[in-house]
Amino acid sequence: MIDMRIIFIKYFIFKRPAMIFGLAFICYFILAQASEARTNLLIVDESQQYQGIGKDFSEAAKTRLSRMGYTILNKTKKLQALGIIENSVTRNSLLQSNAIRIAADEVIILFTNVMVSRNKLRVSAEAYSVAAQSFILSWSLPSEELYVPENCDEACLRINNDRLISRLGEEIGDSIGNMLARENGVTDESGQTIAAIEIELIDFTDNEKLQLLDLMTNEFPKFYRVSKTRIYGPRHTLTYHSSANLMDLHKWILVSLKQIGLTPNVDFDLIISAGRIDIRKNNIMLVPKNQTGDTLRFN
């Protein structure tokens, strides 16, 4: 009996080469697209107030990022796989967990946040690379006016501003997605990752902060930019973008603080963890010295 399968295969190979080529091209294109799949994203809503709005915002960001080709991980399943309890997870506990630190897969955690103040809505997002063990970028959008009818509670606020919330989520998802997609979007000219490091100065005088930040931005090697500067009473926080490693930053900051007249472990405490630097001044009445810069100190 003639095997019809053999005849069928021979017919397409020898009589329909164009069709075979077309099928091969389609398969190659599909495989090429799969090979260029972008990093998996784990999205965590950090909103402390109006969590319903925060959820809507992060869901809109997820939708936009998914349409851009990113794989959005199921947060509950991913945390369970890592052995992390979702209900008690915080940013610090998540980033400092051993499971995240030894995770073999490439994951970027996107922390989203919604802040409502004086009938205005402000949204932001920060991306943390598990592989680089550091923040790699942050983004925020200008405040938007909320529509707030009289006697409007949280549920009312959420319903009456659903389009605005969705639009902002789409916008920030688009911005983050484009930055992550750029080949050199989070690396410097030598290909090193530019980390976004949260720095908090506590109880420093204006003059001390000015001197320290002047050194950090004008003399530290591998500095990129400063963003998200905030002042809350004695606390001054900022996001410091640099491709320098934390050990070098630790050394350079100690040198700088000594240069302006502050003694380690006496006049200030310096704590460095993954993606964060905290500097608290102990001797509040101490008057710093005025020093000139010397770039040879930072190498």
Item checked: Inter-site label distance for Glu150 and Glu106 at 7 Å from Cα along Cβ, in nm -> 5.7
Check: Past the 21 Å Cα-Cα mark, which pairs from Lys55/Lys77; Lys120/Lys209; Lys55/Lys228; Lys228/Lys258?
Finding: Lys120/Lys209; Lys55/Lys228; Lys228/Lys258
Next item on the list: Report the charge-dipole magnitude of the stretch 92-164 in Debye, nearest 20, computed about the Cα centre from +1 at each Lys and Arg Cβ and -1 at each Asp and Glu Cβ.
Entry: 160
Checklist line | Stretch gain in nm, segment Arg118-Ser273, where the contour uses 0.36 nm per residue and the Cα spacing is subtracted | finding: 52.4 nm
Margin query: Quick one: 3J(HN,Hα) in Hz for the stretch 90-96, Karplus 6.51/-1.76/1.60 with θ = phi - 60°, rounded, Gly and Pro as x.
Written below: 10, 4, 5, 5, 5, 6, 8
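A short reminder: the numbers here are calculations on the coordinates, not readings from a lab. Quick caveat: nothing in here was measured; it's all calculated off a predicted structure. Counting neighbours? That spans all protein chains shown, and the Cβs are built from the backbone with ideal geometry, glycine included.
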